[in-house]
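Single-structure report; data block below.
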Amino acid sequence: MATQSPYAERHIRALGLAKDCAALGARLRTIGYVTGLPHGQLVQLFFADHNAIPRGRPPDSPDWYHSANLLYRTEASMVVSLYRRIRGLDFGPAEALVAAYKHYLSMLHGAPRISFDRAFDLASHLDGLWIVRVPSFSLATCPTCASQYLTAVGACPATNHECPFCKLLHRYRRDPRIQTSFPVTALPDTTVLKLGIVALARQTREG
Ligand SMILES: [Zn+2]
């Protein structure tokens with residue numbers, strides 16, 4: 001039986017990731033950074049219809065996040081904290097990003113406010129990788145609700161003043177938009193949730 005060279009294995013894995021990214025609506029530039037595959041090959045493989053290539057300016061998150069509305073900040077924090085948790089389970093950044101984004105989509109009750117390109121940009125600025133060398137975000141843990149949320153790098157909030165999850169809870173009763181986006185449901189068993197994340201990340205890795 002023929003054995004695959006490490007190069008072939010890496011290439012096959014990169015193609016699987018590229019397919020996932022394209023299906024999640026990523027633009028070419030993002031897929032190129034995440035997989036390391038050349039632009040021409042990606043166009044040929046995933047964008048045979050040139051009119052279907054996503055265009056427009058890519059997101060730029062450091063300024064955007066601090067002025068985004070509460071629901072956007074909450075969903076951005078959800079994606080990035082999932083990404084960080086999966087990274088912590090020893091998955092590479094590309095696999096963690098794809099698995100975190102899929103998991104984020106599965107948690108929503110409406111259209112996603114965070115695109116895959118935005119999630120990529122947020123993760124880049126959190127870890128100082130792909131498009132930037134220096135992080136401009138960090139993840140803070142709220143001292144009141146223990147949720148993790150995005151904040152400026154180096155900030156170490158001592159109160160829940162900035163926590164989008166606490167704000168969401170505070171406004172819940174009087175804001176129908178929040179009620180529609182986050183309907184009250186039974187909380188999932190966290191062990192099951194963690195196992196689900198691991199399975200999803202493995203699937204992405206083995207793609
Ligand atoms: Zn909080």
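Bear in mind that the values in this text are calculations on the coordinates, not laboratory data. Please read all numbers here as calculations on a predicted model, not as lab measurements. So basically every Cβ, Gly included, is an ideal-geometry build from the backbone, and we count neighbours across all protein chains shown.
Tell me, ILE178, ILE53, ILE31, ILE114 in order of fewest to most beta-carbon neighbours within 10 Å?
Numbers: ILE178 19, ILE53 12, ILE31 28, ILE114 24.
Result, fewest neighbours first: ILE53, ILE178, ILE114, ILE31.
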**Q.** Mean Cα-pair separation over length for the chain, i.e. relative contact order, pairs under 8 Å, 6 or more apart, %
**A.** 22
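Arrange the following residues from fewest to most other Cβ atoms within 10 Å of their Cβ: SER147, SER136.
SER136, SER147
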Q. Once you put a point 7 Å from the Cα of HIS11 and another 7 Å from the Cα of ARG173, both along the Cβ direction, what distance in nm separates them?
A. 6.3
Q) What is the packing order of peptides 18-24, 69-75, 43-49, 99-105, taking the mean over residues of other C-beta atoms within 10 Å and listing the highest first? A) 99-105, 18-24, 69-75, 43-49
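Sort CYS142, CYS156 by Cβ crowding within 10 Å, fewest neighbours at the top. Don't skip to the answer; put the middle values down first.
Details: CYS142 20, CYS156 8.
So the ranking, lowest neighbour count to highest, is CYS156, CYS142.
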Q. Relative contact order for the stretch 1-56: what is it in percent, counting Cα pairs under 8 Å that are at least 6 residues apart?
A. 31
